[in-house]
Every structure is written in C-alpha cells, then in structure tokens.
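Data first, discussion second: the structure below is written as structure tokens.
The values are calculated or read from the model by the stated rules, or taken from the named source; none is laboratory data. Remember, predicted model here, so these are calculated numbers, not experimental data. Glycine gets a Cβ as well: all are built from the backbone with ideal geometry, and neighbour counts include every protein chain shown. Each accessible area value is taken on the protein alone, full model and side chains, heavy atoms only, with ligands, DNA and RNA left out. Shrake-Rupley method; radii C 1.70, N 1.55, O 1.52, S 1.80 Å.
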Amino acid sequence: MKRRRRKSQSVALKRGEFDARAFLDSAGVSRKVRQFKSADIIFTQGTPAETVMYIQAGGVKITAVSEAGKEAIITILGPGDFFGEGCLAGQALRMGNATATTPSTVLVIAKKEMQNVLHQQHDLSDLFINFVLRRNIRVEEDLIDRLFNSTEKRLARTLLLLARYGKQDQPHSVLPKVSQETLAEMIGTTRTRVNLFMNKFRKLGFIRYNGGVQIDPSLLSVVLHD
C-alpha cells in the first residue's frame, strides 16, 4: 500500500507542482468519471449536495434561478476547476444549477471521500484551498466590476477570464464556446451592447474570429485603461 501511495504521489508531481488531475486519477480515490454532452444538466438547484466535482476537460456553467424565475449566470468554469464544493462546508442543498457548456469529462467525488483525501494529502489540500481562495477573490472582483466599471471594461475582463488569461498551464487562446447572450447575462447588459463592443474589439485587433474567438493579450489594455 505504501509503495502504491508513493507511486501515486510521484505520478501527481509535474514540473515540481502538484497535478490534481494526475493524483485523482492514480491515488485510488473513489470517484466516478462522467461524460456530459454540451447543454447536459450536471445538477440542479435544490437537489442534495453530496459530491464535489472536478473538471478534467470541457466547461461548466453555474447559474441560479430566483423565486420569480429569473436566471443569473454565477460563473463559467474550465479544466482544473472544482465545483459543488459547498457540501464540504455543510451545504445540504445545491445553491445553483451546473450545466455543461461543451462536451465535458467530470470527476465526481463523494463528500466523505473528498474530506478524507483532503486530510490525508496535503498537496491536494493546499491546491484545493488555493482554488477556494481564488474563487472568493473572483467573487469580490466581480462585485466591484459590476458596481464601478463600464460595460466595455466588464466585457473585456470577462473575455480575459474565460480565456484563462495569465494561467501558465493553460495559456489564453481560443475562447470557450459562449454566446453573446450569455456574455450579456454575465456582465449585466444587453446582447446589442455586447455585439457593439465585440465588433470594436475586433477592429482594434484585440480579438479575432478564426474557428472561435481568439483573445489577444492587448485586450488587457481595456481593463487597465482609466
């Protein structure tokens, strides 16, 4: 067992950094690998929160619906992201809906199993804590962005985030498949306004349409410009 554990940990190490995907694949963690087609529902608001999920490939949209039936997009996640982690903090029911935005591969880990492995494997625990802290920072930034920034700046920031700008292991390139209606919902504006600014960004060379939306690093200048 010890030999197997050491082997698992060595597989999980990649270029000196902990590779959560390799660890979860090799360390004997009890989990299910599930495949979802685009638009498949992964879980719905109000259902029991009993598992933590990890995206191996694809993308997932988290939304919430008010009592009046109005839907809001909370976030869009990609490979390397966890979701459904609220169950670890005592959340009994799902607070939102999770839907695959593209064909996706998701690891589904039972709450108890995830709690055990976080206690036993410090590398995974550190990575998970870092993910949760970054998620909290993102929520705060989203609120500030919505309160104080222009529609143009909010759109530019959202495009950079969706393209995973600044992540060394996942360099920005082609944007995940996302409609202008979805972008409008995410930044609190209309599709017409999104279309206006997308055309402006294209003319300025900040984005390109080539089998998808390609994000140029120069788009960051829109976010930084006062």
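Picking from 72, 98, which residue would you name as being in contact with a Ser or Thr (Cβ under 9 Å, 6 or more places away or on another chain), at pLDDT 95 or above and under 21 Å from residue 187 (Cα atoms)? Write out each step before concluding.
On the way: 72 fails: at pLDDT 95 or above.
The match here is 98.
Any idea which of 83, 148 is among the aromatic types (Phe, Trp, Tyr) and in contact with a strand residue (DSSP E or B) (Cβ under 7 Å, 6 or more places away or on another chain)? Talk me through it step by step, then tell me what you get.
Working: 148 fails: in contact with a strand residue (DSSP E or B) (Cβ under 7 Å, 6 or more places away or on another chain).
After ruling out the rest, the residue left standing is 83.
Of everything in segment 192-226, what is closer than 20 Å to residue 142 by Cβ, free of Cβ contacts under 8 Å to residues at least 60 places away in the same chain and not hydrophobic (A, V, I, L, M, F, W, C)? Give them in sequence order.
Of everything in segment 192-226, those that are closer than 20 Å to residue 142 by Cβ, free of Cβ contacts under 8 Å to residues at least 60 places away in the same chain and not hydrophobic (A, V, I, L, M, F, W, C) turn out to be 193, 226.
Mind checking which pairs have a first residue in segment 116-133 that is among the β-branched types (Val, Ile, Thr) and a second that is open to solvent by less than 50 Å² (accessible area, probe 1.4 Å), Cβ under 7 Å, 6 or more apart or different chains?
As it stands, the answer is 117/29; 117/124; 132/85, since those pairs meet every condition given.
Failed condition for residue 215, given (1) open to solvent by 30 Å² or more (accessible area, probe 1.4 Å); (2) over 26 Å from residue 86 (Cβ atoms); (3) modelled with pLDDT of 85 or more, with all others met?
Failing condition for residue 215: (1).
Which ones in segment 60-85 are surrounded by fewer than 16 Cβ atoms within 10 Å (Cβ to Cβ) and on the phi < 0 side of the Ramachandran plot?
64, 65, 66, 67, 68, 70, 71, 72
Tell me, please, whether a residue that is under 23 Å from residue 55 (Cβ atoms), open to solvent by 30 Å² or more (accessible area, probe 1.4 Å) and of a type in the set (Phe, Trp, Tyr) can be found in segment 165-181.
Yes: segment 165-181 contains one or more residues that are under 23 Å from residue 55 (Cβ atoms), open to solvent by 30 Å² or more (accessible area, probe 1.4 Å) and of a type in the set (Phe, Trp, Tyr).
Just one of the numbered conditions (1) modelled with pLDDT under 95; (2) more than 24 Å from residue 143 (Cα to Cα); (3) over 18 Å from the mean Cα position of the chain (by Cα) is not true of residue 48; which one?
Result: residue 48 fails condition (1) only.
Determine whether segment 36-56 contains at least one residue that is of a type in the set (Lys, Arg), in contact (Cβ under 8 Å) with a residue 40 or more places away in the chain and in contact with a strand residue (DSSP E or B) (Cβ under 6 Å, 6 or more places away or on another chain). So that I can check it myself, show each step before the final result.
Of segment 36-56, the ones of a type in the set (Lys, Arg) are 37.
Next cut, in contact (Cβ under 8 Å) with a residue 40 or more places away in the chain only: 37.
In the following step, the residues that additionally are in contact with a strand residue (DSSP E or B) (Cβ under 6 Å, 6 or more places away or on another chain) were identified as none.
No, because not a single residue in segment 36-56 is of a type in the set (Lys, Arg), in contact (Cβ under 8 Å) with a residue 40 or more places away in the chain and in contact with a strand residue (DSSP E or B) (Cβ under 6 Å, 6 or more places away or on another chain).
I'm checking my understanding of the structure. Among residues of segment 101-125 that are open to solvent by 20 Å² or more (accessible area, probe 1.4 Å) and of a type in the set (Gly, Ala, Ser), which one is nearest to residue 83 (Cα to Cα)?
110
Restricting to segment 60-78, count the residues that are touching a residue at least 12 places away in the same chain (Cβ under 8 Å) and outside any strand (DSSP E or B).
1
What do you reckon, is residue 158 without any contact (Cβ under 8 Å) to a residue 24 or more places away in the chain and among the β-branched types (Val, Ile, Thr)? Give the steps one after another, and end with the answer.
On the way: without any contact (Cβ under 8 Å) to a residue 24 or more places away in the chain: no; among the β-branched types (Val, Ile, Thr): yes.
Criteria not met by residue 158.
Those residues that are open to solvent by less than 20 Å² (accessible area, probe 1.4 Å) and in a strand (DSSP E or B), I need them from segment 43-59; list them, please.
Correct list: 52, 53, 54, 55.
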